[in-house]
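> Once you've had a glance at the structure underneath, I'll fire off some questions.
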């Protein structure tokens, strides 16, 4: 039972430093917003925008974790580097981006993370249950 509690705490702490990336399109301007799992913005994180393998832009996000970019290419790759191995990357087609509210996006991300945690705990429970059952 102690090991299950420790595993649960470990799994929950893994999501603490996850970098999320939210990209929307508004009047041919790409709005980039990056934040951590706890909702705090990714302040002054490195931003790299590529088209194919060519680097188009290297810059940093502002103190709110945001950046606005006037799209010149249709297919781009947006990478956010929060150092320490925390990287978020997304390939996008500019014309297919939809307008979505950031709060709605954050809620969807949070629900998704909770589902993953519950699923992981369920799998652990089943594993230990079967292990105990077959070792008798």
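> Looking at residue 32 and the list (1) touching a helix residue (DSSP H, G or I) at 6+ places or on another chain (Cβ under 8 Å); (2) part of a strand (DSSP E or B), which single condition is not satisfied?
Here residue 32 meets the rest and fails (1).
> Considering the range 115-136 alone, what residues qualify as being over 23 Å from residue 38 (Cα atoms) and surrounded by 10 or more Cβ atoms within 10 Å (Cβ to Cβ)? Spell out the reasoning first.
Applying the first criterion (over 23 Å from residue 38 (Cα atoms)) to the range 115-136 yields 122-136.
Those that are over 23 Å from residue 38 (Cα atoms) and surrounded by 10 or more Cβ atoms within 10 Å (Cβ to Cβ): 122, 123, 124, 125, 126, 127, 128, 129, 130.
> A further question follows. Output the residues belonging to the range 60-73 that are in a loop (DSSP other than H, G, I, E, B), touching a strand residue (DSSP E or B) at 6+ places or on another chain (Cβ under 6 Å) and closer than 21 Å to residue 95 by Cα. First the steps, then the outcome.
In the first step, residues of the range 60-73 are kept if they are in a loop (DSSP other than H, G, I, E, B); the result is 61-65, 71-73.
Now narrow it down to the ones that are touching a strand residue (DSSP E or B) at 6+ places or on another chain (Cβ under 6 Å): 61, 64-65, 71, 73.
Selection gives 71, 73.
> So which residues in the range 43-59 are loosely packed, with under 14 Cβ neighbours inside 10 Å and either assigned to a strand (DSSP E or B) or modelled with pLDDT of 90 or more (or both)? Spell out how you get there, then give the answer.
As a first pass, look at the range 43-59 and keep what is loosely packed, with under 14 Cβ neighbours inside 10 Å: 44, 52-55, 58-59.
Across the range 43-59, the qualifying residues are 54, 55, 58, 59.
> I'd like the residue in the range 77-103 that is part of a helix (DSSP H, G or I) and surrounded by fewer than 11 Cβ atoms within 10 Å (Cβ to Cβ) and, out of all such residues, is modelled with the highest pLDDT.
Filtering the range 77-103 down to residues part of a helix (DSSP H, G or I) leaves 94-96, 102-103.
Okay, now just the ones that are also surrounded by fewer than 11 Cβ atoms within 10 Å (Cβ to Cβ), so 95-96, 103.
On the way: 95: 75, 96: 71, 103: 71.
That would be 95.
> Something else: If we scan the range 104-114, do we find a residue that is outside any strand (DSSP E or B), in contact with a strand residue (DSSP E or B) (Cβ under 9 Å, 6 or more places away or on another chain), surrounded by 15 or more Cβ atoms within 10 Å (Cβ to Cβ) and at pLDDT 85 or above?
Checked the range 104-114: no residue is outside any strand (DSSP E or B), in contact with a strand residue (DSSP E or B) (Cβ under 9 Å, 6 or more places away or on another chain), surrounded by 15 or more Cβ atoms within 10 Å (Cβ to Cβ) and at pLDDT 85 or above.
> Now, a different point. Does residue 25 satisfy the condition of being modelled with pLDDT under 85 and in a strand (DSSP E or B)? Steps first, please.
On the way: modelled with pLDDT under 85: yes; in a strand (DSSP E or B): yes.
When the stated conditions are applied, residue 25 passes them.
> For the list (1) touching a residue at least 40 places away in the same chain (Cβ under 8 Å); (2) in contact with a helix residue (DSSP H, G or I) (Cβ under 9 Å, 6 or more places away or on another chain), I need the number of the one condition that residue 74 fails.
Going through the list (1) touching a residue at least 40 places away in the same chain (Cβ under 8 Å); (2) in contact with a helix residue (DSSP H, G or I) (Cβ under 9 Å, 6 or more places away or on another chain), residue 74 breaks only (1).
The values are calculated or read from the model by the stated rules, or taken from the named source; none is laboratory data. Nothing here was measured: the structure is a model prediction, and the numbers come from that model. Note: ideal-geometry Cβ built from the backbone for every residue, glycine included; neighbour counts use all protein chains shown.
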